[in-house]
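For reference, the structure discussed in these notes is given below.
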Amino acid sequence: MPKTVHIIGAGISGLAAAVRLGNADFKLHVHEATQQAGGRCRSYFDASTNLTIDNAKRAQFPFVDLETGQRWQIDLGDSRLPLWVFDEGRRVPDTSLRDYLALAPLIWAGQGRLVGDTIPCHGTLYQRLVQPLLLAALNVDPPEGSAGLAGAVVRETLLAGGEACRPLIARDGLSAVLVEPAIKLLQDKGAGIHFGHELREFAMSAGRVDALKFGGENAIAIGADDAVIMAVPPRAAASLLPGLETPSKFRAIVNGHFRFDPPPGMPPILGVIGGTVEWLFAFPNRLSVTISNADRLVEMPREELAQAIWQDVCKAAGVAGDLPPWQIVRERRATFEATPEQNALRPGPVTAWKNLFLAGDWTDTGLPATIEGSVRSGNRAADLVLAMRQDRRLKGS
Ligand SMILES: Cc1cc2nc3c(=O)[nH]c(=O)nc-3n(C[C@H](O)[C@H](O)[C@H](O)COP(=O)(O)OP(=O)(O)OC[C@H]3O[C@@H](n4cnc5c(N)ncnc54)[C@H](O)[C@@H]3O)c2cc1C
């Protein structure tokens, strides 16, 4: 039975695997290259704004169109069925049931198809709901995105009714909700959490990993019953396992944060159409925005970008004022490109080495690069380790 499991990477994928295995009484070591857990899903204190900020995207319900000034709200209700599309008062304004039925081909679209070849990428419903939802989920311009991945998102959100679309907001930041409780649970279970511990190389023999090399120190031997889960981003994974096929193209996400008290009654999340900003989040003392598929903004001077975003924020939130203390965070390789071409490069969790499994938002989860996909990938890798233990028990070794 695997006695010890080494998990490389303390992002959400690695932590999900670790929590599942910790609860199944494995001895665990988590090796993280940086000094903190959470990977791309983390919170940190920002000195420019004097606030704790984090990465976040996606929301639904209230919307504003900056070009026309029109505001509306989509009411998905709390059913497990998408009954809201039958109710004119709860649908996107100026849309008909027929517009929603035209989205049906997305539900069973194959992985190789483009969104643009599967559903109409124009018209009111597209502009006011489908485009913002798919842009946030896929992080590419929806027509060039994978219809298979988009279909998975629609099946698990809009088609599953309001119950599946409840917006969950990490009031105190993503780290406080997802990362710190996982680290605490692992520490309580006696797991070793090793920060600043970057895996440099695997040593393999006889079809298995038999040592982990971290550089500058002795290698860690992997016992006959031990297993390794590699939960690092695709570029790191490809350099550690030469020959591994991974997605190779990525898209940026830009987040902007402004130290500003939201006006009374402002919704916690607001979809913004017709501007640079796509989603606006209201927190105590802070307004934050997310912009997906943001490669076009990566080279723009920071101050200019902050000003442009602040103009949108003022219009959307109905506030005025000079640029307050701000921070712009540009993640160049935020997610892999959710196109059919890149989606086809995602490997499953099993490798050519029988005690080495893969996890990560970029592995073949059936979902775009999301927190949900990361958790599923970590759980899946952990389940393979559990199956290995079960297999050995049955064989009596
Ligand atoms: C700006 C931004 C906003 C986002 N917003 C959302 C959102 O609102 N909703 C959503 O669902 N998703 C969102 N995402 C996507 C989500 O954050 C990711 O899908 C998820 O965090 C990926 O987790 P992961 O564990 O697979 O990878 P990562 O978070 O990349 O974790 C991998 C870890 O491995 C470590 N590592 C790398 N190499 C080594 C090595 N050799 N040895 C040891 N450790 C190593 C890294 O330091 C890192 O900690 C966003 C992403 C970004 C960048």
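The values are calculated or read from the model by the stated rules, or taken from the named source; none is laboratory data. In this text, all values refer to a predicted model and were calculated from it rather than measured experimentally. Reconstructed Cβ throughout: ideal geometry from the backbone, glycine too, with neighbour counts over all protein chains shown. The accessibility values were calculated without ligands, DNA or RNA, using every heavy atom of the protein model including side chains. Shrake-Rupley method; radii C 1.70, N 1.55, O 1.52, S 1.80 Å.
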Expected output is a single nm value to one decimal: the length gained when fully extending between LYS27 and GLU163, i.e. 0.36 nm times separation in residues minus the C-alpha distance. What is it? 45.2 nm
Charge dipole of the chain about the Cα centre (unit charges at C-beta), most positive-ward option of GLY39, GLY348, GLN327: GLY348
Report the convex hull volume per residue for the range 175-253, counting only C-alpha atoms, in Å³. 148
5 Å is the cut-off here: which amide hydrogens, built 1.01 Å from N in the peptide plane, fall below it relative to PHE61, excluding neighbours closer than 5 in sequence? ILE74
Could you size up the charge dipole of the range 128-211 around its Cα centre, putting +1 on the beta carbon of Lys and Arg and -1 on that of Asp and Glu, and report it in debye to the nearest 20? 220
How large is ³J(HN,Hα), in whole Hz, for each residue of the range 325-342 in order, when computed from phi with the Karplus curve 6.51 cos²θ - 1.76 cosθ + 1.60 and θ = phi - 60°, using x for Gly and Pro? x, 9, 9, 10, 10, 10, 9, 5, 10, 5, 9, 5, 5, 7, 9, x, 4, 6
Sites THR52 and THR124, calculated FRET efficiency, Cβ-Cβ separation with R0 25 Å, nearest 0.05: 0.05
With both bridge residues required to lie in the chain, what share of the DSSP beta bridges run antiparallel, to the nearest 5%? 65
Write down the radius of gyration of the chain and its Dmax, each obtained from C-alpha positions, in Å. 22.3, 72
Subtract the Cα-Cα distance of ARG296 and ASP94 from 0.36 nm times their separation in residues, and report this length gain in nm to one decimal. 69.6 nm
Check GLY192: other-chain or 5+ apart residues with amide H under 5 Å from its amide H, H built from backbone geometry? LEU28, HIS29, VAL30
Post the alpha-carbon centroid distance, the range 297-334 to the range 208-273, in whole angstrom. 26
Residues of the range 213-237 with amide N under 17 Å of a point placed 7 Å along Cα→Cβ from ALA206: 221-228
Using only the Cα atoms of the range 229-374, construct the convex hull and provide its projected area averaged over every direction, in square nanometres to one decimal. 10.5
Give me the Debye-computed log₁₀ of I(q)/I(0) at q = 0.11, 0.15 Å⁻¹ for the range 9-149, equal point scatterers on Cα only, no solvent, two decimals. -0.66, -0.96
With Kirkwood's inverse mean 1/r over C-alpha pairs for Rh, give me the Rg to Rh ratio of the range 80-225, two decimals please. 1.19
Within the chain, how many Lys pairs sit with Cα atoms under 21 Å apart, leaving out pairs fewer than 8 places apart on the same chain? 13
Taking the dipole of the chain about the Cα centre (Lys, Arg +1; Asp, Glu -1; charges at Cβ), the one of GLN111, ALA16, LEU297 that reaches farthest to the positive side is ALA16
Could you tell me what percent of the accessible area of the range 99-192 is made up of carbon and sulfur, with a 1.4 Å probe and every protein chain present? 56
Which one, LEU186, ASN139, GLY216, is farthest towards the positive end of the dipole of the range 120-240 when Lys and Arg carry +1 and Asp and Glu -1 on their Cβ? ASN139
Placing unit charges on C-beta atoms (Lys and Arg positive, Asp and Glu negative, everything else neutral), compute the dipole magnitude of the range 1-125 about its Cα centre in debye, rounded to 20. 600
For the chain, set up a Gaussian network in which alpha carbons nearer than 10 Å are linked by springs, and say which option among ALA316, ALA338, ALA170 fluctuates the most. ALA170
Which whole-Hz ³J(HN,Hα) couplings does the range 29-43 yield from phi under the Karplus relation 6.51 cos²θ - 1.76 cosθ + 1.60, θ = phi - 60°, glycine and proline marked x? 10, 9, 10, 10, 5, 8, 8, 9, 8, x, x, 6, 10, 9, 10
Scan around GLU201 for amide H atoms under 5 Å from its own, H built in the peptide plane at 1.01 Å from N, and keep only partners 5 or more places away or cross-chain. LYS213
What are the ³J(HN,Hα) values, in whole Hz, obtained from phi via the Karplus relation 6.51 cos²θ - 1.76 cosθ + 1.60 with θ = phi - 60°, for each residue of the range 147-162 in sequence order, with x given for Gly and Pro? 5, x, 5, 4, x, 4, 5, 5, 4, 8, 10, 4, 6, 8, x, x
Restricting to DSSP H runs of at least four residues, report the calculated mean residue ellipticity at 222 nm for the chain, -39500 (n - 2.57) per run over all residues, nearest 500 deg cm²/dmol. -7500 deg cm²/dmol
In debye to the nearest 20, how big a dipole does the chain give about its Cα centre with +1 on each Lys and Arg Cβ and -1 on each Asp and Glu Cβ? 1060
